[in-house]
Amino acid sequence: MMQRCVPVLGFVAPSGSGKTTLLCKLMPQLRQRGLRVGCLKRSHHPLVLDQPGKDSHALATAGAEQVLLAAAGGWGLMDYAPRVGPDGQMPLASLIERFDTERLDLLLIEGFRQEHCPKIEVHRIAAGKPPLYPDDPDIIAVATDARLPPDAAPVRLPIEDPGAIADFILARLEGGGLATAEPREELLGRARGLRRAGIEPRAGWLSVRGGERCWLLRLALAGDDPGPADIMACEIAGPEAADGGNDGADIRIAQTEVLIHRQIYAAEPRARAIVGARMPYTAAVGFQGRSFEPLDPDGLALLGSVPVLSLAPDEIAHKAPAAIAEWLVDQPVCILAGQGAYAWGADLAEALERVALLERSAQVFSLGRQTAV
């Protein structure tokens with residue numbers, strides 16, 4: 001079942017600026033306005049939620065990786081071996097997945113300053129710290145007791161008036177200004193748009209990353225628009241098998257694609273989306289057996305020299321995943337001879353733009369060679 005996407009709003013500021021104080025005043029105001037609100041806070045201190053001598057603590061000490069403690073007033077899940085990203089922290093998307101989003105209208109996040117999401121900065125004159133908004137385009141408002149310059153992009157909110165801040169949040173929420181893209185919804189939207197527009201690539205595989213998981217969707221030249229049942233899900237560092245739909249898809253090809261996408265994500269932390277595109281001109285130029293050098297100015301400037309991987313059909317399943325991932329650490333696009341291209345991007349739009357540009361460059365190259373003959 002696809003989890004509902006919950007709008008997210010971050011609160012950022014240097015330590016000691018009063019983020020938690022403001023959130024505690026803001027929470028009742030949001031509840032008065034009918035919003036069901038969740039909170040996610042990053043702590044820089046060790047996790048200590050249980051007490052020595054309690055049964056739950058004894059179970060954790062004995063080696064349990066997760067302990068869920070249930071009581072009449074609620075429950076708490078303690079994870080003592082969470083999966084972390086390259087920076088040693090749990091990815092934001094993975095933490096958001098822990099919430100029951102069916103019961104929330106809004107999720108407020110304290111900290112996570114480097115993450116990309118709509119944010120409100122908390123800024124107090126007494127803190128003596130420079131504001132963050134000039135260097136962070138994700139900041140949509142500043143709750144402050146200072147005046148902002150006339151040319152400041154964010155909205156100024158009075159820090160001592162939580163009701164006014166709540167009204168601003170509610171207005172943005174109702175206007176769609178806090179909506180966040182759910183990975184699987186983005187996959188389906190992009191795939192349907194490509195099919196209806198009839199543009200390349202119309203065959204291949206798309207994937208998006210969310211925390212420690214990724215979701216893959218097969219593009220087919222014929223058939224109905226894809227739906228949630230066509231999405232395959234897998235852990236990036238987990239077992240090789242994937243779960244999900246894809247009824248009627250070739251299992252061997254699907255397993256190979258899963259491995260390719262997983263290994264790219266594992267090797268390149270900047271990759272948030274991957275496109276494996278089956279495109280005729282790109283597949284053709286790959287048969288040269290050497291790196292592809294675009295002739296057109298755009299391709300040459302934006303793609304440069306594109307590496308080509310040549311493998312026999314029976315070698316693709318066991319050699320392609322590691323080889324493609326290795327190539328894509330150094331640059332965002334490569335060619336698998338006779339098959340097409342793989343590209344990663346900060347999002348699906350960027351990855352699709354790269355493979356589309358490569359196909360146009362390959363077409364120009366092929367037509368140029370025909371003209372020369």
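Summed over the range 149-161, residues that are surrounded by 14 or more Cβ atoms within 10 Å (Cβ to Cβ) and assigned to a strand (DSSP E or B) total 3. Scanning the range 309-323 for residues that are open to solvent by less than 20 Å² (accessible area, probe 1.4 Å) and under 19 Å from A284 (Cβ atoms) returns a single hit, A320. For first residues located in the range 19-37 and of a type in the set (V, I, T), partners that are at pLDDT below 95 and lie 6+ apart or on another chain with Cβ distances below 6 Å form the pairs V37/L106.
The set of residues in the range 105-131 being within 12 Å of L9 (Cβ to Cβ), at pLDDT 90 or above and outside any strand (DSSP E or B) consists of D105 alone.
Over 21 Å from W215 (Cα atoms) and at pLDDT 90 or above: does that describe V355? Judged against the criteria, V355 is not a match. Can you spot a residue in the range 286-299 that is within 27 Å of R190 (Cα to Cα) and among the hydrophobic types (A, V, I, L, M, F, W, C)? So far as the range 286-299 goes, no, none of its residues is within 27 Å of R190 (Cα to Cα) and among the hydrophobic types (A, V, I, L, M, F, W, C). Looking at the range 269-289 only, could you name the residues that are open to solvent by 10 Å² or more (accessible area, probe 1.4 Å) and under 20 Å from V329 (Cβ atoms)? Passing the criteria: P269, R270, R272. Looking across the range 228-251, the residues that are among the charged types (D, E, K, R) and modelled with pLDDT under 75 come down to E240, D243, D247, D250.
Is there a residue being of a type in the set (A, V, I, L, M, F, W, C), under 20 Å from L23 (Cα atoms) and free of Cβ contacts under 8 Å to residues at least 60 places away in the same chain anywhere in the range 118-138? Yes: one or more hits. Just the residues that are more than 9 Å from K119 (Cα to Cα) and either open to solvent by 40 Å² or more (accessible area, probe 1.4 Å) or modelled with pLDDT under 90 (or both), please, taken from the range 138-148. Selection gives D145, R147, L148. Yes or no: the range 132-146 includes at least one residue that is outside any loop (DSSP other than H, G, I, E, B), touching a Gly at 6+ places or on another chain (Cβ under 8 Å) and not small (G, A, S). Yes, because at least one residue in the range 132-146 is outside any loop (DSSP other than H, G, I, E, B), touching a Gly at 6+ places or on another chain (Cβ under 8 Å) and not small (G, A, S).
Select from the range 250-265 the residues that are surrounded by 15 or more Cβ atoms within 10 Å (Cβ to Cβ) and of a type in the set (A, V, I, L, M, F, W, C) and list them in ascending order. Within the range 250-265, A254, V258, L259, I260, I264 meet the criteria.
The values are calculated or read from the model by the stated rules, or taken from the named source; none is laboratory data. Note that the structure is predicted; figures quoted are calculated from it, not measured. Quick reminder, even Gly has a Cβ in these numbers, built from the backbone with ideal geometry, and neighbours come from all protein chains shown. All accessible areas refer to the heavy atoms of the entire protein, side chains included, with ligands and DNA or RNA removed. Shrake-Rupley method; radii C 1.70, N 1.55, O 1.52, S 1.80 Å.
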